[in-house]
Amino acid sequence: MAKICIVLATYNGEKYLSQMLDSLVAQTRPADLIVAVDDGSKDASVEILKNYQGKLPLQIEVHETNKGHRAAFSKALEAAQSQLQPNDLIALADQDDIWLPNKLDVLEAQFNTGSVNN
């Protein structure tokens, strides 16, 4: 079975981040890996991420200074790719998303049946 990895970029997202991470905890098909890159947040985003490491397969990288969301996502994608096989899946997440509990189940099923709509 293919692994599912979530990549997440954060920046001063403490207002929304816990809700996003709670929605990842609630997934009926848990992620195999979550790579989060914090882009130099000045708020409690990094601490919030660290608080979820016991609940999620979460790896955290921190930029000391803000480099922009593209750089943060790029770093997260690089870190994920180095740990995955060619047929594994990567889902991008925003810090203010709230995912339905079956999102990863649906994603996996769609890829397994080959019925992904563009």
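List of remarks:
- Matching residues, the stretch 23-46, being over 12 Å from the mean Cα position of the chain (by Cα), within 16 Å of Asp96 (Cβ to Cβ) and touching a residue at least 40 places away in the same chain (Cβ under 8 Å): Ser45
- Ala93 meets the conditions (1) in contact with a helix residue (DSSP H, G or I) (Cβ under 8 Å, 6 or more places away or on another chain); (2) exposed (fewer than 15 other Cβ atoms within 10 Å of the Cβ) in every case but one. The failed one is (2).
- Condition check for Ala31: assigned to a loop (DSSP other than H, G, I, E, B) and either under 27 Å from Glu108 (Cβ atoms) or hydrophobic (A, V, I, L, M, F, W, C) (or both): yes
- Checked against (1) open to solvent by less than 80 Å² (accessible area, probe 1.4 Å); (2) of a type outside the set (Gly, Ala, Ser); (3) under 12 Å from the mean Cα position of the chain (by Cα), Ile98 meets all criteria but (1).
- Test result for Ile60, closer than 20 Å to Gly13 by Cβ, open to solvent by 80 Å² or more (accessible area, probe 1.4 Å) and under 12 Å from the mean Cα position of the chain (by Cα): no
- Residue within the stretch 38-49 that is part of a loop (DSSP other than H, G, I, E, B) and open to solvent by less than 10 Å² (accessible area, probe 1.4 Å) present: yes
- The stretch 66-90 residues that are under 21 Å from Glu108 (Cα atoms), paired with ones that are at pLDDT below 95 (beta carbon under 6 Å, 6 or more apart): Asn87/Ala2; Asp88/Ala2; Leu89/Ala2
The values are calculated or read from the model by the stated rules, or taken from the named source; none is laboratory data. This is a predicted model, so every value here is computed, not measured. Cβ atoms come from the backbone with ideal geometry, glycine included; neighbour counts cover every protein chain shown. All accessible areas refer to the heavy atoms of the entire protein, side chains included, with ligands and DNA or RNA removed. Shrake-Rupley method; radii C 1.70, N 1.55, O 1.52, S 1.80 Å.
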